[in-house]
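Chemist: Once you've had a glance at the structure underneath, I'll fire off some questions.
The values are calculated or read from the model by the stated rules, or taken from the named source; none is laboratory data. Remember, predicted model here, so these are calculated numbers, not experimental data. Here the Cβ positions follow ideal geometry from the backbone for every residue, glycine too, while neighbour counts run over all protein chains shown. Accessible surface is based on the protein model in full, side chains and every heavy atom, while ligands, DNA and RNA are left aside. Shrake-Rupley method; radii C 1.70, N 1.55, O 1.52, S 1.80 Å.
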Amino acid sequence: MNASAPAPRKLRVATVSLGGCFGCHMSLLDIDERLFELIEKVEFDRSPLTDIKTVGECDVGLIEGGLCNAENVEVLRAFRAHCTVLVAVGACAITGGLPALRNHLDVGGILQSVYGEVPDDPELPLPLNRVLPIHEVVHIDHALPGCPPPADAFWQLLQDLIAGRTPVPAPGLIRYD
Amino acid sequence: MSTGDPTFELDGQRVPLQPGDTILAAAARAGLDIPYLCWSAEVSASASCRVCTVLADGRPVAACVTPAVAGQKVECRTPSLDTQRLRLLQMLFVEGNHFCPGCEKSGNCLLQVQAERAGMTDLNFEVLNPERPVDASHPDVLFEPNRCILCQLCVRASDEIDGKRVFAIGGHGIATRLLIDSPSGRLGDSALSVGDRAAHICPVGALLPKRVGFAVPIGQRRFDTEDTRG
């Protein structure tokens, strides 16, 4: 055994919540003490865990949430451009989810009834007419269904990607509620 | 079973058959799983969902209406049929508004469990988000057309078991929908009562008896088994 062999390069992972509730990120944290094992093998790029604001070159991007506004689309495209493997995480990223329940309503009408006026500020991203699942805008390599996906599903996916295997969720880890 | 009893072969397993059996009925009696959505032993078969499509001696047929023939070789779990089944299920999901996290049928839903068993992780197709207003006019039964997969189980149950013919299928293509026989077209004005079989046979959450949705908690439901809940 060569003691001077360099440690294998860590997998660089970025995560983001677009039109999501951060529940999927909470479920990732639910891998609990396995986080210590994980951090030996991955390093985080842009993520709520690091507070890095822009995504760099990454091996894996985990996308929570669907596309509700123009900024969501911009961030998703940046992730697609920088991540070798992009994973749709959770019901909202895969189907549009809860935010997509507004798809039958007029956006202006919703803003009017919630705020009493249509907000007009250059800092506010423009809402999309329809909330979209992310596979309608960029190519997605894998998906982890669930609201949220079970912690074990995150664990299995990351273990598979670290080992260079194609992730295939085990029975019981595919669920939609 | 004596060695002389007629059998056919399903994915390499011998399945005994009785006179009048369909492939699906014989397999179900033998405890073998051919996935389906629109079939029920209580009513006639309609072959509308095509999830039970198998290869009978190499020919694709709906197992729920195809007579079982002694000596026949039936394939259900082939890579190409598995993919076809997955795509069918994905199309059913994108053609409706199936929001499992907010559905009281979750865990009791045949569409959900067939998709889980088929390994469905994404929708593959563009989500159509059809516009289908909810009909809550009936005092005891909710009609949620967003979840309807047009399997016709309620149509057949109302006709064959309840003798009422409350439901029918109308329209074409993506506009196909469940029709209700009442002057207003609403469930509350129809002859349906909550005791009818048609009010309970829905495999998804489209027709639901009211006020009992969470009587059985999530986690203890029909399909909350090891293969779907880990």
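Chemist: Just need the relative contact order of the range A:11-162 here, percent rounded to a whole number, with Cα pairs under 8 Å and 6+ apart.
Modeler: The normalised contact order for the range A:11-162 reaches 29 percent.
Chemist: Here is a further query. Using a ≥ b ≥ c from the Cα gyration tensor of the range B:87-230 (square roots of the eigenvalues), is it rounded, prolate or oblate, where a/c under 1.5 gives rounded and otherwise the larger of a/b and b/c decides, a/b for prolate? All intermediate terms of the calculation are to be shown ahead of the outcome.
Modeler: Working: a/c = 1.94, a/b = 1.32, b/c = 1.47.
Taking the square roots of the gyration eigenvalues as a ≥ b ≥ c, the range B:87-230 is oblate.
Chemist: Considering only DSSP states other than H, G, I, E and B, which GluC sites (Glu not before Pro) in the range B:1-86 qualify as loop sites with at most 16 other Cβ atoms within 10 Å?
Modeler: For GluC sites (Glu not before Pro) across the range B:1-86 that sit outside H, G, I, E and B with at most 16 neighbouring Cβ atoms in 10 Å, the list reads B:Glu42.
Chemist: Which angle between 0 and 90 degrees, to the nearest 10, do you get for helix A:151-162 versus the longest principal axis of chain A when only C-alpha atoms count?
Modeler: 60 degrees
Chemist: Helix-only mean residue ellipticity at 222 nm, chain A, DSSP H runs n ≥ 4 weighted -39,500 (n - 2.57), per residue, nearest 500. What is it?
Modeler: -8500 deg cm²/dmol
Chemist: Using alpha carbons only, how many angstrom separate the centre of the range B:150-226 from the centre of the range B:83-115?
Modeler: One Cα centre to the other: 16 Å.
Chemist: Let me know the mean shielding of B:178-190 by other chains, meaning the per-residue number of their Cβ atoms within 10 Å of its Cβ. Intermediate values should be presented prior to the final figure.
Modeler: On the way: counts 0, 0, 0, 0, 0, 0, 0, 0, 0, 0, 0, 0, 0.
Averaged over the peptide's residues, the number is 0.
Chemist: Does the range B:75-137 classify as rounded, prolate or oblate by the C-alpha gyration tensor (a ≥ b ≥ c root eigenvalues; a/c under 1.5 gives rounded; else a/b over b/c gives prolate, otherwise oblate)?
Modeler: prolate
Chemist: Quick one: of the DSSP bridges fully inside the range A:11-162, what percent are antiparallel, nearest 5?
Modeler: 20 percent
Chemist: Per residue, how much accessible surface does chain A expose to a 1.4 Å probe? Answer in Å², no decimals.
Modeler: 51 Å²
Chemist: What is the distance in Å between the Cα centroid of the range A:115-174 and that of the range A:1-72?
Modeler: The range A:115-174 and the range A:1-72 have Cα centres separated by 13 Å.
Chemist: Any chance you could give the angle, 0 to 90 degrees and rounded to 10, that helix B:79-95 forms with the longest Cα principal axis of chain B?
Modeler: Compared with the principal axis, the helix lies near 10 degrees.
Chemist: Can I ask one more? What residues in the range B:87-124 lose 40 Å² or more of accessible surface when the other protein chains are added to their chain alone (1.4 Å probe)?
Modeler: Correct list: B:Phe99, B:Pro101, B:Glu116, B:Thr121, B:Leu123.
Chemist: Sequence-distant or interchain residues sharing an amide H contact under 5 Å with A:Cys58, placed H: which?
Modeler: The answer is A:Cys83, A:Thr84.
Chemist: Considering chain B, which cysteines have no disulfide-compatible partner, defined as another cysteine with its Cβ under 4.7 Å away?
Modeler: That list is B:Cys52, B:Cys64, B:Cys76, B:Cys100, B:Cys103, B:Cys109, B:Cys148, B:Cys154, B:Cys202.
Chemist: Among B:Met120, A:Met26, B:Met91, what's the order by accessible area (1.4 angstrom probe), most exposed first? Mind showing how you got there, number by number?
Modeler: On the way: B:Met120 5, A:Met26 110, B:Met91 75 Å².
Final ranking, largest accessible area leading: A:Met26, B:Met91, B:Met120.
Chemist: For the pair B and A, how large is the buried accessible area, both sides, in square angstrom to the nearest 100, if the probe is 1.4 Å?
Modeler: For B against A, buried area totals roughly 1900 Å².
Chemist: When all protein chains stay in place, what accessible area (Å², nearest 10, 1.4 Å probe) is found for B:Leu88?
Modeler: Answer for B:Leu88: close to 40 Å² accessible.
Chemist: Report the one residue of B:Leu142, B:Ser193, B:Leu89 whose Cα lies farthest in the direction of the positive end of the charge dipole of the range B:85-212 (charges on C-beta: Lys and Arg +1, Asp and Glu -1; origin at the Cα centre).
Modeler: B:Leu89
Chemist: Here is a follow-up. Name the lysines eligible as straight-distance cross-link partners of A:Lys41: C-alpha to C-alpha under 26 Å, and not fewer than 8 places from it in the same chain.
Modeler: A:Lys10, A:Lys53
Chemist: In square angstrom, rounded to the nearest 10, how much accessible surface does A:Leu67 have for a 1.4 Å probe?
Modeler: Only protein atoms counted, so the area is about 0 Å².
Chemist: Something else now. Mind checking the mean number of beta-carbon atoms from other chains within 10 Å of the Cβ atoms in A:94-101?
Modeler: 5
Chemist: So which aspartates and glutamates can B:Lys164 reach, going by Cα to Cα under 19 Å and dropping same-chain residues fewer than 8 places off?
Modeler: B:Glu42, B:Asp140, B:Asp181, B:Asp189, B:Asp196
Chemist: Further, regarding this structure: Would you please classify the overall shape of the protein assembly as shown from the alpha carbon gyration tensor, given that a ≥ b ≥ c denote the square roots of the eigenvalues, rounded means a/c under 1.5, and beyond that prolate means a/b larger than b/c while oblate covers the rest?
Modeler: Oblate, since a/c reaches 1.5 and b/c is not below a/b.
Chemist: Separate question: Out of all DSSP beta bridges with both ends in the protein assembly as shown, state the antiparallel percent to the nearest 5.
Modeler: 55 percent
Chemist: Just from its helices, what would the mean residue ellipticity at 222 nm be for chain B, if runs of 4 or more DSSP H residues each count -39500 (n - 2.57) and the sum is divided by every residue, rounded to the nearest 500 deg cm²/dmol?
Modeler: Computed ellipticity for chain B at 222 nm equals -4500 deg cm²/dmol.
Chemist: Just checking the output field for B:156-167: average partner chain Cβ neighbours within 10 Å of each residue's Cβ?
Modeler: Averaged over the peptide's residues, the number is 0.
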